[in-house]
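Remarks on the structure that follows.
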Amino acid sequence: MSYALDMVSHTSVMPAAASLAVLLCILYYAVSMVQGKRLPPGPRRLPLIGNAHQMPKGHPWLKFTEWKKTYGNIIHVDILGKPHIILNSARVAKELLDKRSSIYSDRPHFVFAGDLVHYDEPFALQPYGDNWRRQRRLVAQDFSLGMTPRYYSLQEKEAASLVRTLMQRPERLFPEVKLRIAIIIMRVTYGYYIQSEDDPYLTVVLAAMTNFSKATAPGAFLVDFVPALKHMPRWMPGSGFLKIAEEWNKIFFDSTMNIFDWCKSNLDTGKSLMPNLCGRYLQDANGKMSKEDEKTLLWGASCVFGGGLDTNMSSALTFYMAMLLYPEVQAKAQAEIDSVIGKDRLPTIADKPDLPYIRSILAETYRWSPAAPLGIPHAVTQDDVYDGYDIPKGATILPNVWGMLHDPEVYPRPMEFDPERYNGLDSEMVKVTSLVFGFGRRVCPGIYFAEGTLFAIIATTLATCDILPGLDEHGNEVLPTYSYTPGTLTTPEPFTLRLKPRSSSSLALLADIPPTIE
Ligand code: HEM
């Protein structure tokens, strides 16, 4: 969200005068389009660049939350002529994004990431329309509430493996959480079992995700502000970004196609483990899937990794961080598990209805630090009016989910991690999940699946271990601070922990879970 002033990257330099002229024309046009409208209030704009200079680089949700005091629940900012509407209240977000979802379900258009690298082939970034709908249906069906129990045992096994490894090698906290979540996702999407961090099917998809962050980093590519540049001849100085786009496009296509092809060709050999998303639809088609349907499945499936990895990882790490900072919460959770489940077995995901305090910890994890603090931006497809304000067609809509979940009037002492604020009531917890997983027709299709993975990690860790702070070189305990990476998806900054087995029987229970290779 820190568009503008740093926008001319080293990758997209072109003759300055020409680009400036094009930019000015576009800005003039864009500004004249919104003139005469009664836009929501917002910080004072400068000519042409609008509010670009005020957009915070790191954690814009904090600034937007602060702006709420001055401008209120619905704020307009102009970034180089592009209108952005920030929603600071859950009520307004729901009224627009849920109730008016027929016009608020588009995505902003990315020129570099979308038109050039084609990251908008998967439905998560597809414009609202038939293609989006067809892909989404396949994924949403496979991860619907009724379908996710098929994956419980996998999620439980991987949670146990995670805990076993972290007991021995706590320094692997971040990479191990990532690996275990990646294993789960690859297995349920393609039937493929990642063997190690160096697995080429994994490394290529991680490379594609890294490039995606760079490609969508606000201001990284001038072509996003001057779309005509995408037609630049390749011999012209400053066209280097076209070469980058081509390279990243290849990595992205490889990351999507190779594993899909593996799944397709290993259905009959039995190596592609069932059930899995692609395998299921391919098997149902019995070799007669049309090219078009195959393409829909290919791109739809590719969203699972992109949508599920960093988000789940962020929440799992937030949980560990919270347990270090709130040992009393940890102790209560362990007491609940001991009294409901006992010590003769590990809790399972199916035990969730009987463990309200663990459910509250999960809800509080989402609330305390939502993985996507500003959700994923929507765009509006036609002019609209709300509360007397004009919302122009094409505006980017940014729900400030972090701000909504840290509103002291709704959540007193919002920076405290306090699972008791829900009184064990699912009706209160759902108010959190109904924001954290997004809105309207775009709501996250992986919500039940994500909850399974996180519940398994939380319950297995608490049942078997005490979660203790890491030690510095002098043997002193080091507590983490609430500090998060910048970006659309945010993750805790590195911290350390130790997992101490609660008893020999908890070690034995973990040891009883078969090794993760199936
Ligand atoms: C803690 C875990 C997760 C969180 C917090 C989360 C959050 C979100 C959010 C905020 C959105 C944007 C919704 C909107 O546009 O309003 C989203 C979309 C999406 N999520 Fe998740 N997600 C999580 C896990 C997953 C998982 C496990 C999957 C795998 C199936 C997944 C797949 C997707 C997809 C494909 C979209 C795009 C939906 C669309 O554009 O139609 N997510 N998620």
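The values are calculated or read from the model by the stated rules, or taken from the named source; none is laboratory data. Everything numeric here is computed off the predicted structure, so don't read it as measured data. Cβ coordinates were reconstructed from backbone atoms using ideal geometry, including for glycine residues, and neighbour counts include every protein chain displayed. Ligands, DNA and RNA are excluded from the accessible area calculation, which covers all protein heavy atoms including side chains. Shrake-Rupley method; radii C 1.70, N 1.55, O 1.52, S 1.80 Å.
Only residues that are open to solvent by 20 Å² or more (accessible area, probe 1.4 Å) and either on the phi > 0 side of the Ramachandran plot or near the ligand (Cβ under 9 Å from one of its atoms) (or both) were counted across region 292-301, and they come to 0. List every residue pair whose Cβ atoms sit under 7 Å apart, with the two residues 6 or more apart in sequence or on different chains, where the first one lies in region 113-139 and is over 16 Å from Arg442 (Cα atoms) and the second, anywhere, is within 12 Å of the ligand (Cβ to nearest atom). From region 113-139, the pairs are Gly114/Asp120; Gly114/Leu125; Tyr119/Leu125.
Only a single criterion out of (1) of a type in the set (A, V, I, L, M, F, W, C); (2) away from the ligand (no atom under 16 Å from the Cβ); (3) not in a loop (DSSP other than H, G, I, E, B) is not satisfied by Phe252, namely (2).
When restricted to residues that are surrounded by 12 or more Cβ atoms within 10 Å (Cβ to Cβ) and either touching a Lys or Arg at 6+ places or on another chain (Cβ under 9 Å) or in a helix (DSSP H, G or I) (or both), region 255-269 contains 10. Applying the condition of being in contact with a Leu (Cβ under 7 Å, 6 or more places away or on another chain) and part of a strand (DSSP E or B) to region 479-518 and asking which residue is surrounded by the fewest Cβ atoms within 10 Å (Cβ to Cβ) yields Lys500. Condition first: out of contact with any Phe, Trp or Tyr (no Cβ under 7 Å at 6 or more places or on another chain), open to solvent by 30 Å² or more (accessible area, probe 1.4 Å), among the hydroxyl-bearing types (Ser, Thr, Tyr) and within 16 Å of the ligand (Cβ to nearest atom). Can you find one or more residues in region 330-341 that meet it? No, region 330-341 contains no residue that is out of contact with any Phe, Trp or Tyr (no Cβ under 7 Å at 6 or more places or on another chain), open to solvent by 30 Å² or more (accessible area, probe 1.4 Å), among the hydroxyl-bearing types (Ser, Thr, Tyr) and within 16 Å of the ligand (Cβ to nearest atom). Evaluating Asp120 against the criteria (1) open to solvent by 10 Å² or more (accessible area, probe 1.4 Å); (2) assigned to a loop (DSSP other than H, G, I, E, B); (3) away from the ligand (no atom under 16 Å from the Cβ); (4) not polar (S, T, N, Q) leaves one unmet condition, (3). Which number in (1) within 16 Å of the ligand (Cβ to nearest atom); (2) farther than 27 Å from Leu154 by Cβ; (3) buried (at least 19 other Cβ atoms within 10 Å of the Cβ) marks the one condition that Val436 misses? Going through the list (1) within 16 Å of the ligand (Cβ to nearest atom); (2) farther than 27 Å from Leu154 by Cβ; (3) buried (at least 19 other Cβ atoms within 10 Å of the Cβ), Val436 breaks only (2). Leu346 meets the conditions (1) surrounded by 14 or more Cβ atoms within 10 Å (Cβ to Cβ); (2) over 21 Å from the mean Cα position of the chain (by Cα); (3) part of a strand (DSSP E or B) in every case but one. The failed one is (3). Those residues that are buried (at least 23 other Cβ atoms within 10 Å of the Cβ) and over 19 Å from Ala124 (Cα atoms), I need them from region 203-221; list them, please. Result: Phe221, single match. As a summary of the residue check, Glu451 satisfies the conditions (1) within 16 Å of the ligand (Cβ to nearest atom); (2) not in a helix (DSSP H, G or I) except for the one numbered (2).
If you take just the strands (runs of 3 or more DSSP E) that sit entirely in region 357-415, which of them hold at least 1 residues that are buried (at least 24 other Cβ atoms within 10 Å of the Cβ) and within 11 Å of the ligand (Cβ to nearest atom)? So the answer is 396-399. Residues that are open to solvent by 50 Å² or more (accessible area, probe 1.4 Å), within 16 Å of the ligand (Cβ to nearest atom) and not hydrophobic (A, V, I, L, M, F, W, C) occur at least once in region 175-188.
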